[in-house]
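The values are calculated or read from the model by the stated rules, or taken from the named source; none is laboratory data. On a predicted model such as this, the values are computed, not experimentally measured, just so you know. Every residue, glycine as well, gets a Cβ built from its backbone with ideal geometry; the counts of neighbours run over all protein chains shown.
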Amino acid sequence: MAVQIQSITGMKDILPDESPLWQKVETTLKQIMASYGYAEMRMPAVEYTSLFVRSIGEVTDVVEKEMYTFDDNGDSLSLRPEGTAGCVRACIEHGLIHNQERRVWYTGSMFRHEKPQKGRYREFHQFGAEIFGISSAEIDAEIILLTNRIWKKFGIGDHVVLQLNSLGSSEERASYREALVAFLEQHKESLDEDCQRRMYTNPLRVLDTKNEKVLEILQNAPKLTDYFGEETRNHFDRLRAILDANGVKYEINPRLVRGLDYYNHTVFEWVTDLLGAQGTICGGGRYDGLVEQLGAQPTPAVGFAIGLERFILLLQSINAVEVENPVDVYFCAVGDEAVRQSMVIAEQLRDQISGIRILTNCSGGNFKKQFKRADKSGALFALVLADDELAKNEIGIKNLRVESEQLNVKISAVAEELKKLLGVN
Ligand code: ATP
Ligand code: MG
């Protein structure tokens, strides 16, 4: 036998057992986006590497070591590690954000060459949204309210916490950066290698360290908030007031800087403590500089992305979602003519009852065998057709979940009967 080829490390199959939950999540998310008036964007999974380097930033984990980059006849291309860069590129390219407001959402695979572990994969899925052309605190609040609605809808509101911070304007950050570097220089000897390197390339990321020793030193570091001007403070206050008015709780986390370079003002993460180290299920924030950085007119922008694997792991860990049975009816038939007719009647039922899910028995066997398969399928009802029933123009309906007599009805009446039993119109 030939050697079996395995899937790639960190790239997972989503099996039929799990896909109903994925579908439920995706469908619900789409409905929620529609209820806020957002439209879908679909972008390619591959872009020029330079797009990610320019937007995400050269000195970020993602660009430094996580991208799948390859040469395509002299062009450097990369599998997208996130959705924002491609979404901005597409919106600029198609003139969707010039002098206008735009609210879009997207979903799809993202690729990062990370060390795979629970909640961290090399191919994963994000569901995200981006809003262009609106600089207010109200729109920042809208996406937080929207994500909050998602958690509530799935009944996990009690298991996630909103962490909120402001990064200020780029000017405020620049002055803060100077002060921070000066502080870090004084403590250079006590910093780990990573932080020493980050100190000059991307000093704010030092705040994001998990090193306990460095964290202790950072307690005395200058605070970004001390560098905020009136506008930044106003923006943050307005946002908080809307969240308060909606009863959305949050923790201010001054160390929340996010992994990507392009953020300013509002940043946030929704975090759970049920998934170990991979506890961030959603991250987002404002990135007013990015559109200009990618070559178009300056345009304010804000967005978020949910990591769907982590979201689904969280739902599973607390059994938050009950997935309904996958089939309504299993059609059993024995005898040549009965089998043929079962395939005709099943087609008619699919015409007559919108959304009905029918499994036809396509692999022969006696009724005993077929009922076993029917039971295993999860179907609620079995339709039963043998040649003698067919001769009387009748069909049997058997409830597979509640002990009861088989009901025989005329074939012409079976659609009406099933509608009644399934409670559909
Ligand atoms: P982390 O700090 O966990 O590495 P990140 O800051 O790199 O996350 P973002 O770039 O903000 O993540 O992506 C948004 C969301 O996508 C994350 O909050 C997370 O839920 C999810 N995500 C990011 N990387 C992965 C991955 N490798 N596998 C699964 N989900 C991921
Ligand atoms: Mg990461």
Might you let me know whether region 359-368 holds any residue that is among the polar types (S, T, N, Q), surrounded by fewer than 19 Cβ atoms within 10 Å (Cβ to Cβ), away from ligand 1 (no atom under 16 Å from the Cβ) and in contact (Cβ under 8 Å) with a residue 12 or more places away in the chain? yes
How about region 119-134: which of its residues are in contact with a Phe, Trp or Tyr (Cβ under 9 Å, 6 or more places away or on another chain) and not in a strand (DSSP E or B)? ARG122
Quick one: how many residues across region 84-118 are within 16 Å of ligand 2 (Cβ to nearest atom), surrounded by 19 or more Cβ atoms within 10 Å (Cβ to Cβ) and either more than 16 Å from the chain's Cα centre (by Cα) or outside any strand (DSSP E or B) (or both)? 3
Every listed condition ((1) out of contact with any Pro (no Cβ under 6 Å at 6 or more places or on another chain); (2) more than 30 Å from GLY289 (Cβ to Cβ)) holds for LEU77 save (2)
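Okay, residues lined up against (1) assigned to a strand (DSSP E or B); (2) small (Gly, Ala, Ser); (3) within 16 Å of ligand 1 (Cβ to nearest atom); (4) touching a residue at least 24 places away in the same chain (Cβ under 8 Å):
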site	(1), (2), (3), (4)
ILE242	no, no, no, yes
PRO254	no, no, no, yes
PHE268	yes, no, yes, yes
CYS282	yes, no, yes, yes
ASP288	no, no, no, yes
GLN297	no, no, no, yes
VAL302	yes, no, yes, yes
ASN319	no, no, no, no
PRO326	no, no, no, yes
For region 12-83, list the strands (runs of 3 or more DSSP E) that sit wholly inside it and hold at least 3 residues that are buried (at least 19 other Cβ atoms within 10 Å of the Cβ) and modelled with pLDDT of 95 or more; which are they? none
Looking at ILE312, ILE306 in this structure, which one is in a strand (DSSP E or B), closer than 30 Å to THR147 by Cα and within 16 Å of ligand 1 (Cβ to nearest atom)? ILE306
Can you name the condition, by its number, that LYS249 falls short on among (1) more than 16 Å from ligand 2 (Cβ to nearest atom); (2) surrounded by 15 or more Cβ atoms within 10 Å (Cβ to Cβ)? (2)
Looking for whichever is within 30 Å of LYS369 (Cβ to Cβ), at pLDDT 95 or above, among the aliphatic types (A, V, I, L, M) and buried (at least 22 other Cβ atoms within 10 Å of the Cβ) here; the options are ALA333, ALA301, ALA346, ALA338. Which one fits? ALA333
Restricting the search to region 69-89, which residues are within 12 Å of ligand 1 (Cβ to nearest atom) and more than 23 Å from THR299 (Cβ to Cβ)? none
Is it true that some residue in region 111-127 is out of contact with any Lys or Arg (no Cβ under 7 Å at 6 or more places or on another chain), hydrophobic (A, V, I, L, M, F, W, C) and farther than 23 Å from THR232 by Cα? yes
